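The values are calculated or read from the model by the stated rules, or taken from the named source; none is laboratory data. Just so it is clear, the structure is predicted and the values come from calculations on it, not from any experiment. Counting neighbours? That spans all protein chains shown, and the Cβs are built from the backbone with ideal geometry, glycine included. Just the protein is used for accessible areas: all its heavy atoms, side chains included, with ligands, DNA and RNA removed. Shrake-Rupley method; radii C 1.70, N 1.55, O 1.52, S 1.80 Å.
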Amino acid sequence: MVWAAVDTQTGQRVALKLLKPEAVSRPDARGRLRREGRIAAAISHPNLVQVFGTTESEDGTPAIVMELLEGQSLADHLRQEGKLSLSQTAHVVLPALNALKALHAKGLIHRDLKPANVFLHRSKATGEAPVQVKLLDLGLVKALSLGAPALDTATLTVSGMMVGTPHYMAPEQILGESTVDQRVDVFAAGVVLYECLTGERPTEAENLGQVLKKVLSANFTPLSEKLPSCPEELSALVKAMLGKEPGDRPPDLDGAIAVLTRYADVSDTLQVPVRISLSYRARRVAQVAGAVVALAAVAGGGAWMGFRGPPPCAHVLKGMACFPAGSFVMGSTPGEVEEACKDQGPDCLRIGEREQPPRRVKLSEFLLDVQETTNEEFADMLNVDPDRLQVGPDDKGTPERFVRDPQGTILFDLWPSHSGIERAKDGTFHAKAGMERWPVVQVTWDGASAYCRARGKRLPTEAEWERAARGQAKRPYPWGLEKPPCEEVVFAREDGQSCASLPHHPAPVETGARDQTPEGIHGLGGNVSEWVFDAFTLPYYGSCGECVSPRVDVEPNSLGEDWRVFRGGSFHSQLFTRSTARGRWKQREVAFNIGFRCASDSVTGR
C-alpha cells in the first residue's frame, strides 16, 4: 500500500510504499520490497518513478521512499474515458516503452507492464503542461545478465511459478518457463497498445481459465478488425508484438518506438486531474527511521491505484451510500451488448439496443439507499394520513384495489395475489405477515415518487442508478464480472428460465449474498426491478455539452406514451440483470416485479 508522507528532515512531500498488514510477517514479501527499492534506486530515467531509497521501521518492516505523484493511473483513465485516440496512445505508451528500454539496457525485464503500472503525472506546479508518464512497480523485475544490479532472485520466484498479471502475460510467462527475456515486455506492451486504442484487452475472457487458454493459443481478434481506421503499419506491429512464440515477436522495442513516434500529435493532449491526498487531516501513523511520517493511506488493494481526495459526502444519511462527483461512461457498444446477450437470445439483443451508444455522463455527488423500499416502509408512508387517500375499484369493477392520492393519482395496487400490503377494516395499511421485509411492488412511478418525497428524498436518475451499478470500472453486473448464480442472486425464476426451481416471488431485501456492489448497495441485479426518475427516450440522454446530472422529464403523452424507465433485474426475469440494461413501463401502471429505492443530493438532502 502507498501512503502520502512528509520527510521531517527536509520537509519534502514523498510517497511511502509499505507492505499491507497481512504481508508484513512474510519473509518473501519483505525481501521483495527491499529488492524492489534497491533496483529502482539504482536506475535513473525520467519515465521511471524516482526512488529516493529504502528504509525500515524499528521492528524491521521495510519501506520504499519515492517521489509523490499527482494525477491518475492509465487504468483509471481508461475506465473513465473508455479508450484513447491514436495520438494520445502514442503520447502515453512511448514514454513507458522508453522506460522499459532503459531497463532492458541494464539487463532487466519488468514482467508486469499493465495500465495500472503506468501513471499519468500532472502536478499543480506544472499547471497545464503535458502529463508526464511514469512506469511504476519494479517488484517483479528479473535480471538477464551478470552486469545487472544484484537481485537476490531466490526471494522472488522459483522455476515453474507463474508471475505477473494474466491478461498481460506472454505465453511463456504463463507456463512458468525460466528462460523468459525482454520479449515478455514486448508482448505486454502489445496488449497495452491494443487496450488504449480499442478500450478492450485482446486477452479478455469470462474467467481466468479462459484468459489463460486465449493467451496460450494466441487467439486474438486482430486490431484491424476492432479498429478499421488504425494505420496498417500499427496493426501489423501490434499483431507481431502479440505473437505466440517469442521468436514471432520483435526482439526489442525499437520498432514500436519508431512507429508510435510518427503518430504523436502534440496538440492532442490528455485531460488528467490533479489529485493528491494531502488535504486529509494529518495524523501521525508511522515513523520510519526517524525521518518519514506517513499522513494518509491513498491506495488500497495494490500500490498506485491513484490518489484519493478527502472522504466525500460530509453528511451521509443512515441507510444510504455516497457517490462522489465525477464522470463515467454510460451505456454499451453493439459488441458489448452482443457479447453480454449470448446466453439470453434475441429479446436481450433487442433490449440492448436501448443502451447505445455509450457516452460520458457527469454527475454531482449523490446518495443512494443501500436497499430497496420494503412493504413495511411503504405501508408506514400510506398510514401517515390514510383518511386522505382514496381506495376504489379498477376499471373492471374489482373493489378496493387502487390506492389514490387526493388528486386521484394512482399510487398503489392492492391486488392480493401480488401485493405485500393489505388494508385493515379501520382503513390503515399493513405489510402481510412474513412479507414485511420484501421489496414493495405493485407501486406506480407516481407512488414511488410520492414515497421518496415524503422521506425528504427523490427517485434516482437513470445515470445515478447506472453509476451505482456499474462503477467506474464498467462492471457488467453490479457485483463484478461473474454471471449471476441462482443461489446468490434473486433472478430468472419465471417458468422456463434458468432459476425456475426457486420460489416465483420476491425475497427479503437482505437476500442475495452476491448481489451487492463494493459500495454496499444491495439488490441492484435482482429481487425486483426499480423505477428511476427519467422518462424513457432513445437515446437515453441527448447531447448536452458540459451539463451535469442530466435527467429527462416530459409531460405525460408528449412522447406519445407516458413511459418511465426502470432498471435492474428481478425474480421474474434475467433480461435486466446487467448493469446497463434499460426497461420501460407506463408511469401510471403497476407491475408485480417493479419496486424502487430512493436517492438524495448529499448537500441539500433533497
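Keeping to region 503-538, report how many residues are farther than 20 Å from Glu436 by Cβ and open to solvent by 50 Å² or more (accessible area, probe 1.4 Å).
Within region 503-538, residues that are farther than 20 Å from Glu436 by Cβ and open to solvent by 50 Å² or more (accessible area, probe 1.4 Å) number 6.
Taking Ala469 and the conditions (1) in contact with a Leu (Cβ under 6 Å, 6 or more places away or on another chain); (2) under 27 Å from Gly408 (Cα atoms), which numbered condition does it fall short on, given that it satisfies the others?
(2)
Conditions first: (1) small (Gly, Ala, Ser); (2) touching a residue at least 24 places away in the same chain (Cβ under 8 Å); (3) under 13 Å from Leu135 (Cα atoms). Gly107 passes all but one, so which condition is the exception?
(3)
Checking the structure you have, find out if any residue of region 393-403 is at pLDDT 90 or above, in a strand (DSSP E or B) and touching a Phe, Trp or Tyr at 6+ places or on another chain (Cβ under 8 Å).
Checked region 393-403: at least one residue is at pLDDT 90 or above, in a strand (DSSP E or B) and touching a Phe, Trp or Tyr at 6+ places or on another chain (Cβ under 8 Å).
Residue by residue through region 488-527, note down the ones that are among the small types (Gly, Ala, Ser) and touching a strand residue (DSSP E or B) at 6+ places or on another chain (Cβ under 9 Å).
Just the residues of region 488-527 that are among the small types (Gly, Ala, Ser), to begin with: 492, 496, 498, 500-501, 507, 512-513, 520, 523, 525-526.
Of everything in region 488-527, those that are among the small types (Gly, Ala, Ser) and touching a strand residue (DSSP E or B) at 6+ places or on another chain (Cβ under 9 Å) turn out to be Ala507, Gly512, Gly520, Gly523, Gly525.
When only residues in region 343-358 that are outside any helix (DSSP H, G or I) and surrounded by 12 or more Cβ atoms within 10 Å (Cβ to Cβ) count, which is modelled with the lowest pLDDT? I'd like the intermediate steps shown before the answer.
Start the filter on region 343-358 by keeping residues that are outside any helix (DSSP H, G or I), which leaves 343-345, 356-358.
Still in the running and surrounded by 12 or more Cβ atoms within 10 Å (Cβ to Cβ): 344, 356, 358.
Values: Gln344: 77, Gln356: 90, Pro358: 89.
In this case the residue turns out to be Gln344.
Taking the criterion of being at pLDDT 55 or above and out of contact with any Cys (no Cβ under 8 Å at 6 or more places or on another chain), would at least one residue in region 147-160 satisfy it? Spell out the reasoning first.
First pass over region 147-160, keeping only residues at pLDDT 55 or above: none.
No, the conditions are met nowhere in region 147-160.
Is it the case that some residue within region 424-431 is of a type in the set (Asp, Glu), surrounded by fewer than 19 Cβ atoms within 10 Å (Cβ to Cβ) and either in contact (Cβ under 8 Å) with a residue 60 or more places away in the chain or over 21 Å from Val565 (Cβ atoms) (or both)?
Within region 424-431, the subset of a type in the set (Asp, Glu) is 426.
In the following step, the residues that additionally are surrounded by fewer than 19 Cβ atoms within 10 Å (Cβ to Cβ) were identified as 426.
In the following step, the residues that additionally are either in contact (Cβ under 8 Å) with a residue 60 or more places away in the chain or over 21 Å from Val565 (Cβ atoms) (or both) were identified as 426.
The answer is yes; a qualifying residue exists.
What about Glu436, is it open to solvent by 20 Å² or more (accessible area, probe 1.4 Å), modelled with pLDDT under 95 and outside any helix (DSSP H, G or I)?
Numbers: open to solvent by 20 Å² or more (accessible area, probe 1.4 Å): yes; modelled with pLDDT under 95: no; outside any helix (DSSP H, G or I): yes.
It is false that Glu436 is open to solvent by 20 Å² or more (accessible area, probe 1.4 Å), modelled with pLDDT under 95 and outside any helix (DSSP H, G or I).
So for region 49-65 (the condition being under 30 Å from Met330 (Cβ atoms), at pLDDT 80 or above and crowded, with 18+ Cβ neighbours inside 10 Å), does at least one residue qualify? Steps first, please.
Restricting attention to region 49-65, the residues satisfying the condition of being under 30 Å from Met330 (Cβ atoms) are none.
Taking every residue of region 49-65 in turn, none turns out to be under 30 Å from Met330 (Cβ atoms), at pLDDT 80 or above and crowded, with 18+ Cβ neighbours inside 10 Å.
For region 30-48, enumerate the residues that are open to solvent by less than 20 Å² (accessible area, probe 1.4 Å) and either at pLDDT 80 or above or in contact with a helix residue (DSSP H, G or I) (Cβ under 6 Å, 6 or more places away or on another chain) (or both).
Within region 30-48, Gly31, Leu33, Leu48 meet the criteria.
Could you grab the pairs with beta carbons closer than 6 Å, sequence gap of 6+ or different chains, first residue in region 468-494 and crowded, with 17+ Cβ neighbours inside 10 Å, second one assigned to a loop (DSSP other than H, G, I, E, B) and of a type in the set (Asp, Glu)?
Val489/Asp515
Within region 446-454, can one find any residue that is at pLDDT 90 or above, crowded, with 22+ Cβ neighbours inside 10 Å and not in a helix (DSSP H, G or I)?
no
Residue by residue through region 404-431, note down the ones that are within 19 Å of Phe596 (Cα to Cα) and outside any strand (DSSP E or B).
Answer for region 404-431, where residues must be within 19 Å of Phe596 (Cα to Cα) and outside any strand (DSSP E or B): Asp405, Thr409, Leu414, Trp415, His418, Ser419, Gly420.
Please work out which residue is farthest from the chain's Cα centre (by Cα), limiting yourself to region 162-199 and to residues that are closer than 17 Å to Val118 by Cβ and open to solvent by 10 Å² or more (accessible area, probe 1.4 Å). I'd like the intermediate steps shown before the answer.
Going through region 162-199, the residues closer than 17 Å to Val118 by Cβ turn out to be 164-165, 167-169, 184-199.
Still in the list and also open to solvent by 10 Å² or more (accessible area, probe 1.4 Å): 164-165, 167-168, 195, 198-199.
Details: Gly164: 22, Thr165: 18, His167: 17, Tyr168: 19, Glu195: 16, Thr198: 18, Gly199: 14 Å.
Residue satisfying both the conditions and the ranking: Gly164.
Any idea which residue in region 200-234 is farthest from Gly335 (Cα to Cα), counting only those that are open to solvent by 20 Å² or more (accessible area, probe 1.4 Å) and among the polar types (S, T, N, Q)?
Pass one, region 200-234, residues open to solvent by 20 Å² or more (accessible area, probe 1.4 Å): 200-201, 204-210, 212-214, 216-222, 224-229, 231-233.
Imposing the further condition that a residue be among the polar types (S, T, N, Q) reduces the set to 207, 210, 217, 219, 221, 224, 229.
Details: Asn207: 18, Gln210: 19, Ser217: 22, Asn219: 18, Thr221: 13, Ser224: 15, Ser229: 17 Å.
Residue satisfying both the conditions and the ranking: Ser217.
Conditions: (1) open to solvent by 60 Å² or more (accessible area, probe 1.4 Å); (2) over 21 Å from Ala454 (Cβ atoms). Gln390 meets all but one. Number of the miss?
In the conditions (1) open to solvent by 60 Å² or more (accessible area, probe 1.4 Å); (2) over 21 Å from Ala454 (Cβ atoms), Gln390 misses (2) alone.
Among the residues of region 76-122, what is the count of those that are in contact with a Cys (Cβ under 8 Å, 6 or more places away or on another chain), open to solvent by 10 Å² or more (accessible area, probe 1.4 Å) and in a helix (DSSP H, G or I)?
Of the residues in that region, 3 qualify.
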